[in-house]
Every structure is written in structure tokens, then in C-alpha cells.
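Shown next, in C-alpha cells, is the structure this report addresses.
The values are calculated or read from the model by the stated rules, or taken from the named source; none is laboratory data. Treat the numbers as computed from the prediction; the structure is a model and nothing was measured. Here the Cβ is made from the backbone with ideal geometry for all residues, glycine too, and neighbour counts use every protein chain on show.
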Amino acid sequence: MIINNTIIRNRVDIETTTPETNIMDNSDTADTRVRLRDVSSIQGRVFYDRDEDVYYDPTTEFPLEGIEMIMTGYDMFSNIYGPSTEFTFYQSILEEFIEILTVEGIVTAGTTVEELMSLSNYRTVDAVYTDFAGEYSFTGLNPGTYNIHEIQPFNYYSTGSRGGFAGYDTEGNPVYDSSRDGTGSAQSGNFDDANIIRRIILGDGEGSMENNFGEKGGLVGDQVFFDADRNGIYEPEKGDMPLMGIEVTLFADINQDEQLDEGDRAMKTTITNEYGLYFFHDLEIDDPGGDGDFDYIVSVTDQRDVIVNAENTRGLLGVNDHSQDALGYWAAVDRNNPVNLTADFGFYHASMEVPEERVDDELGRTGEAILWVLLSSLGVLCGSGARQYWKNKKE
């Protein structure tokens, strides 16, 4: 095995077919330092792009695992890389790749997929899949020009692609080079490039990182709250408070009648957090019938009996921050409107009175109302414990 930076002595001897006057210069040696070629790599991620800017923000967005990624390209040794035709959707990737190769003069116009793959210098590259962190990588690459293709995941729509960069400066800021960094739809402004990053140019031992793809799926949810004045509108400045620990269930509206029926299928269940918020994400945005949307029913199932016997107040139908029918609220999503955050539910119990004395905290909430929320989170909002608490307070 040759170790990097090893010195190898080379000797050359020559002979002539005619007489020589001096044979002392027929041999020579030279020392050569061996430098093993460093391999290059491409890395990136696929993530739920909540704000659709194709910048990954781990505080509000999350990675997507199991997304299939394909690499195409060519290297300095004239090798051409691409997928096999094992799956029919690879065919369209190869056709797109041929267009790229034609523009760059690598193949002639009119080259077919079969002709490309039959070339002696065509090398098949296996697909890779994003891991739990949403990350993917292609390693062991020769210097060359490469493209990354995302196989569009079902039940998501693409928010775009963004080419990455080769490294960081001394202060940790990305160093961009438009002549070598890949180009995604975020850079080109062409949404036809939403599932591809083009022309990532790698030198010897270089890496290109943060070649990212954004996705977004259906999202339904919002908030469950204590409606202090029973007007059906969430108004924290009037004493309304979030309710934590409330179970909410999402149903598929099978017969699409916009109400909860016996045949509707329960899909997901969650509970509200400390802010009364709940969300069902990664939802289908088109039903099997293909009518362009998917119909859901949201119901406050409250298996923990946190708000048993409480009154479900009502606001305007379908308006954000207005309380809806907790027994079953219809919420549809589609490609143009994949997010529905109108499923708010307000509750009030008639035996409870909102405290007259309120001490506002720094959030503009009241100490008494905060205790109300704590009681509700323990499942006693409408139980004897809560009634006894307010009775004692009045006395």
C-alpha cells in the first residue's frame, strides 16, 4: 500500500540503434512525491419548510426521513453517472439529464435513454435516502459536475430547492461561489427546478453542503381555550386562556358530508400543549377520488374528561380564533391551501365565575386565570376540586 506523501524514485534507461560517443547520459533518476487523490462529496437535507423559504430553521421546522435522492453528473475522467431504469420515474430524470448533457456538449441532441445507458462510460449510481435528521450524502466522488434530484414524496408539495456551498470562513459564515455552487429553484427563480439542484462543480477533495429541498404537506389544527366571556372568540386581553391537556382527534370525512358520521375514520389523536395549541401535520392534500382536496373532521374527544360538562361556545364559522363545533368541525386542505388553522374550540363552565380581581403578569395574563389553566391541566376544570377552589376564594 502506498502511503500519502511517499517518495518514489523513478529510473529511466534508453538505448540507441546507432553508435554513441557518450553513454553516460543514457540513464537518469528522479524522485516523485506521491499525493493520493482526495475524494469529493455532496450533502444536503430535505425538511418540512413551514415558511416556504427553503432555509432550514430547526426551531420551527423538522427533517423528513426516507426521501429518495438521485445523483447524475459526469467527472474529469469522462465517466457519466446516473440511475438505472429500475423504476419508471427514473426515466424522466434521465431524460432531463440528457437535456443537460446535450447543452454541455457531452452527448449529441436526440440521444435516447437507452443509448445513454449503453455507453461504455455510463456508471449506475444507487439512490440514497434521507436519514432521521433529513440528511443525505453522496460520497467518494471524482472531481466533476453533478446534479441532485429529489423524488417528490407523496402527500407533500415542493416549496423549492436551494443550492449549497463549499465551506465556511473563519467566522463560521458560508462561503458562496456562484460559478461552482449548485443552482436550485430558489436561485434560478424557475419553479420547474423545485426537485433538482443543477451543476454542483467539485474539485479534488471538495465537499458541497446544504443542498436542500423543502416540502410542505397538509396541516390542520390551532387552539383550545377557556372562553371567559363566552363570546366564542379567543381574546386573551379579556381573560381568555389556553387549555392544556385536551385530547383532539382528526377524522377522515369518508362520505364528504362535512359532519362526523359513524363511518368516518379516526386518523390521528393528539393533546393540546401548554399554549392550548395542537396540530396534525403531514396530512394528505388530495383524497383517493382525486377531486383536488382532502376532507377532515376535527373533534374534541377529551378522553381524559378535562372539560366534561363544559359549554362549547361558538363564534363565526370557519374564522380563525373563533370557536367551532367541538363535536365535529369540517376542515379541508388542498394544494393551494394546504394549511387550515381555523379549528379553534372555546369552552366555558357555567358553575365557574371568572375572578373579579386580576393581577396581570408580564404576559398580560392573570394569576387567577393561570391557576385556572393549571387546574384544567390536572383534569379538574369542571370537577369538584375546581368548584371548591372558587367557593373558597369567594368566601
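Against the test of being closer than 30 Å to PHE154 by Cβ, among the hydrophobic types (A, V, I, L, M, F, W, C) and surrounded by fewer than 19 Cβ atoms within 10 Å (Cβ to Cβ), the options LEU283, LEU277, LEU327, LEU316 yield a single qualifying residue, LEU277.
In the range 227-241, is there at least one residue being under 30 Å from GLY292 (Cβ atoms) and modelled with pLDDT under 95? Looking through the range 227-241, none of the residues is under 30 Å from GLY292 (Cβ atoms) and modelled with pLDDT under 95. With a requirement of 2 or more residues that are outside the structural domain of ASN173 (by TED's automatic domain parsing), the strands (runs of 3 or more DSSP E) lying completely within the range 185-298 that satisfy it span 212-226, 247-252, 265-271, 277-283. Residues of the range 129-179 that are part of a strand (DSSP E or B), of a type in the set (A, V, I, L, M) and surrounded by 17 or more Cβ atoms within 10 Å (Cβ to Cβ): LEU141, ILE148.
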